Amino acid sequence: MDVASTLTSLRAGQRYSSQAPFETSITAPVFPVRGQLPELPGLRNSSRTLLLAMAAINEAMSSAGLARFGHDVRVGVCLGTTIASQLNNLPFYREYRAGGQPPLDAVHEFLNANLGEAVADMLQVDGPRMTVVNACSSGTDAIGIAASWVRLGLCDVAIAGGADELSRVPLAGFWSLGVMSSKLCSPFDQDRDGLNLGEGAGVLVLESAESATRRGHALAFEVAGFGAGCDAHHLTAPHPEGRGLRAAIDAALRQAEIEPADIGFVNAHGTGTLDNDRVEGAVLAKVFGPGIKALSTKGYTGHTLGGAGGIEAVFTLLGLREGWIPASAGFAVAASDIPLQPLSKPTPIAAEYAISTSLAFGGNNAALILRRTA
Amino acid sequence: MSEPTCQAVPPASVLGVGAVTPIGRTLESIAVALAERAAQSQSPLLVADELLSDATTARRMRRAGRWASLAATAATDAWTGAQHAFHDDGDVGVIVATGFGPHVRTFRFLDGILDCGDASALPTDFSHSVHNVAAAYITELLGLRGRSCTLADFEAGFHQAVLLGQCWLAEGACSRVLLGAVDELGEVLLHLAGRMTDPADRVLPGEGAVFVTLGKGGISGTAQIDALSIPTHSDLLVVDEPPMHHHGAPPTIDGGTPATFTPYFGHSASSLALQTLGALLAVSKRFTPANVGRPIDSAIVRRRLWNGRHVELALAARPSC
């Protein structure tokens, strides 16, 4: 539920999975967030995704030393999601389909859960606000966009990341696509056979150097580079040579003005599906060399969809801060079709830069380079 | 509150426009309908199916739902009709804004769950219910390999898309950005519109898609669009609000001679884009707004939001040198 307990779990290699916390005929492990989410005062019909986002935002703001924002600070909000953007409430639709007049609670919840709007209104900030819905790269893209706002002077501070809740509809969807595993996922492993779904939120507070200096806050990390690229190839399958991912990584390296050798480790998308891991592993090995320190954290969280990019950006930053990265949960045997072996145990790192990659439905690819500056 | 001036993000040039609307698809036919004040009498305002049939893309779009087809049709027109011939070197960006996304396809997937069970719903319906499916079709159809982003917002999505497009151009991440907004009016949404709006507001449910191809600002012979720096006055102020505000006495609004294109395009989460289409056609001299009575060179498009804020887009003609 917070960074401290997450670090403890990662260090211990704990994987907190369960069966889906809602009615479904699908038997597959999922990764729910444990513990009670905070109430949102004054907001009825709060979606779980919004609650997850606010929990992460509150912790991120606290760690940035920001209790609230003054009127002299322009604050943007850019958050990624998938679930919160869809009106897909099954009880509502079942009653509608039967010719009834279903209660509108589910609709109000949906309308109140546009993350960018809802969070900006709750925080009473008036900078740019966006909700990015690029499927599984949403969170990474949101951070890239927010970093651009800060660089261009559109805001002094930006709240950026992603959030998504577990839901029956995507569970059925990924199952129908045949990309879910009925056991714990094993990214980049020889025996990988699909992903697990999870939920959560990961948020960064980005701030311009000028703004941080004004309030006497020392910045310890920076978004050094962001890149994105389209496969323009297929709706659900990655380009076989990872064309879009390669373009995204190259663009991020260019913006950071660094070479591949400067990257200390890769927090890979690593879903555990056959296609994703084969393509992503090949691209990462080609760009960074087969010996690059790499991991997927989806073995700990499941695939949190629109939340994944935000959560994995936080994990990447924690790796730089803590000086170690966890084992790539689920990995045991090197895959014959992947020229990359993720870490099988917690590993010390001493890096200035690290990269987090995201691949998504629709051929979206994104790469985010974070830098430790202090 | 409108966005402040930001010198680092200049306006963009509109190089191409594509649209599918309840009053037509070609810019010529839409301009004629606006000039003749041929407001639609039926409700809701739907896009005619035949406007979406395109022999060159039919096979590649055969699995796409109506929402993705609306977007792909408008985006293709905005790209292929763009001025200034251009070769994509992987630096063309695509941005799609929507309020409700492919909700008809989402409900079809829910039909599959309810009728066949969780494990047996149709995967094609699921993959086509994801919001970035339109962007995926657009990038694949047009072979665009730059960055792509889909934004969800019930009111200001097109404004956000223009703002993001300007940022991508300003930072040099893209040399061109193909961006727009799309929303479809399905049965469930129509049901909700009937239950959740006050008849006194005279809400006119509609649908449509508008896309523009943007390049860096200052290109002569194009319209300039800006989501950041809004002048205090223009020739035309296009207001995107329920029509109740435009009956009876004209509203007193600062910024220019007021107008709205709601009677032609209806209300939708993408209506800001459709209002901007009308303003673009006026600024590019394709029609003359009747209440102005002369060709116009500038317009502001304003949308007041539920939470009391408003967003604005500024349009200005940049004559040929």
Could you tell me the relative contact order of region A:104-235? Use alpha-carbon pairs under 8 Å, at least six residues apart, and round to a whole percent. 21 percent
Does region B:109-167 come out rounded, prolate or oblate by the C-alpha gyration tensor, with a ≥ b ≥ c the root eigenvalues, rounded set by a/c under 1.5 and, if not, prolate when a/b is larger than b/c and oblate if not? oblate
Give the separation of the Cα centroids, region A:15-34 to region A:257-296, in Å. 28 Å
Determine the total buried accessible area between chain A and chain B, counting protein heavy atoms only with a 1.4 Å probe; round to the nearest 100 Å². 5500 Å²
Computed over the protein assembly as shown, Kirkwood Rh from alpha-carbon pairs, angstrom: 25.1 Å
Which residue, chosen from B:Ile219, B:Thr139, B:Cys116, occupies the Cα position most advanced towards the positive end of the dipole of region B:91-219, where the dipole is computed from +1 (Lys, Arg) and -1 (Asp, Glu) charges on Cβ about the Cα centre? B:Ile219
Taking loop as defined by DSSP and a crowding limit of 14 other beta carbons within 10 Å, which GluC sites (Glu not before Pro) in region A:176-265 fit? A:Glu241, A:Glu257
Where the only charges are on Cβ atoms (+1 Lys, Arg; -1 Asp, Glu), what is the dipole of the protein assembly as shown about its Cα centre, to the nearest 20 debye? 380 debye
Max mean-square fluctuation residue, GNM over chain B, Cα-Cα springs under 10 Å, options B:Val17, B:Val177, B:Val133: B:Val133
Taking all protein chains as present, what is the carbon and sulfur share of the accessible area of chain A, in % to the nearest whole number, probe 1.4 Å? 49 percent
Hey, got the dipole for region A:56-123? About the Cα centre, +1 on K and R Cβ, -1 on D and E Cβ, debye to the nearest 20? 120 debye
Find the relative contact order for chain A and round it to a whole percent, using C-alpha pairs within less than 8 Å whose residues are 6+ positions apart. 22 percent
Tell me the per residue accessible area of chain B using a 1.4 Å probe; a whole number in Å² is fine. 36 Å²
Gyration tensor (Cα only) of region A:36-149 to equivalent ellipsoid, semi-axes in Å sorted down, yields 29, 16, 12
For region A:61-83 and region B:167-189, compute the distance between their C-alpha centroids and round to whole Å. 25 Å
Among DSSP beta bridges lying fully in region B:127-272, give the percent that are antiparallel, nearest 5. 65 percent
Could you give the alpha-carbon Rg of chain B over 2.2 N^0.38 Å, rounded to two decimals? 0.96
Please report, in debye to the nearest 20, how large the charge dipole of region A:95-174 is about its Cα centre when each Lys and Arg carries +1 at its beta carbon and each Asp and Glu carries -1 there. 240 debye
The answer for the longest stretch of chain B without any exposed trypsin sites (Lys or Arg not before Pro) (DSSP loop, at most 15 further Cβ atoms within 10 Å) is B:64-284
Overall Cα dimensions of region B:127-249 - principal axes, largest extent first, Å: 47, 45, 21
For the protein assembly as shown, give the share of DSSP beta bridges that are antiparallel, in percent and rounded to the nearest 5; count only bridges with both residues there. 60 percent
Taking only C-alpha pairs under 8 Å that are 6+ residues apart, what is the relative contact order of chain B in percent? 26 percent
Among the trypsin sites (Lys or Arg not before Pro) within region A:116-225, which fall in a DSSP loop and have no more than 16 other Cβ atoms within 10 Å of their own Cβ? A:Lys183, A:Arg215
Of all trypsin sites (Lys or Arg not before Pro) in region A:1-88, the ones in DSSP coil with at most 10 other Cβ atoms within 10 Å are A:Arg34, A:Arg44, A:Arg68
May I ask you to derive the FRET efficiency for B:Ser29 and A:Gln101 from their Cβ-Cβ distance with R0 = 60 Å, giving the value to the nearest 0.05? 0.95
Among A:Phe331, A:Phe174, A:Phe92, which one moves the most in a GNM of chain A with springs linking Cα atoms closer than 10 Å? A:Phe92
Considering chain B as a Gaussian network with a 10 Å cut-off on Cα pairs, which listed residue, B:Asp235, B:Asp153, B:Asp89, attains the greatest mean-square fluctuation? B:Asp89
Which pairs break 21 Å Cα to Cα here: A:Lys183/A:Lys298; A:Lys298/A:Lys345; A:Lys183/A:Lys293? A:Lys183/A:Lys293
In nm, to one decimal, how far is the B:Arg37 label point from the B:Thr288 one, both placed 7 Å along Cα→Cβ? 1.4 nm
Can you give the extra length, in nm with one decimal, that the chain gains between A:Leu37 and A:Ser336 once fully stretched, where that is 0.36 nm per residue apart less the Cα-Cα distance? 103.4 nm
Over region A:252-291, how many percent of alpha carbon pairs lie in each 5 Å bin up to the one with the longest distance? 5, 21, 29, 23, 14, 7, 1
Quickly work out the A:Arg11-to-B:Leu122 label distance, labels modelled 7 Å from Cα along the C-beta direction, and quote it in nm with one decimal. 5.2 nm
Determine the shape class of chain A: with a ≥ b ≥ c the square roots of the Cα gyration tensor eigenvalues, call it rounded for a/c under 1.5, and otherwise prolate if a/b is greater than b/c, oblate otherwise. oblate
Please list log₁₀ I(q)/I(0) at q = 0.15, 0.17 Å⁻¹ for region A:102-251, using the Debye equation with identical point scatterers on the alpha-carbon positions. -1.03, -1.19
Expressed in µm² per second, the diffusion coefficient of region B:53-170 from the Stokes-Einstein equation, with Rh the Kirkwood radius over alpha carbon pairs, at 25 °C and 0.890 mPa s, is 159 µm²/s
Assuming a ≥ b ≥ c are the square roots of the Cα gyration tensor eigenvalues, decide whether region A:240-374 counts as rounded (a/c under 1.5), prolate (otherwise, with a/b larger than b/c) or oblate. rounded
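The values are calculated or read from the model by the stated rules, or taken from the named source; none is laboratory data. Keep in mind that this is a model prediction, so the values were computed, not measured. Counting neighbours? That spans all protein chains shown, and the Cβs are built from the backbone with ideal geometry, glycine included. Side chains are part of the model used for accessible areas, which takes the heavy atoms of the whole protein and leaves out ligands, DNA and RNA. Shrake-Rupley method; radii C 1.70, N 1.55, O 1.52, S 1.80 Å.
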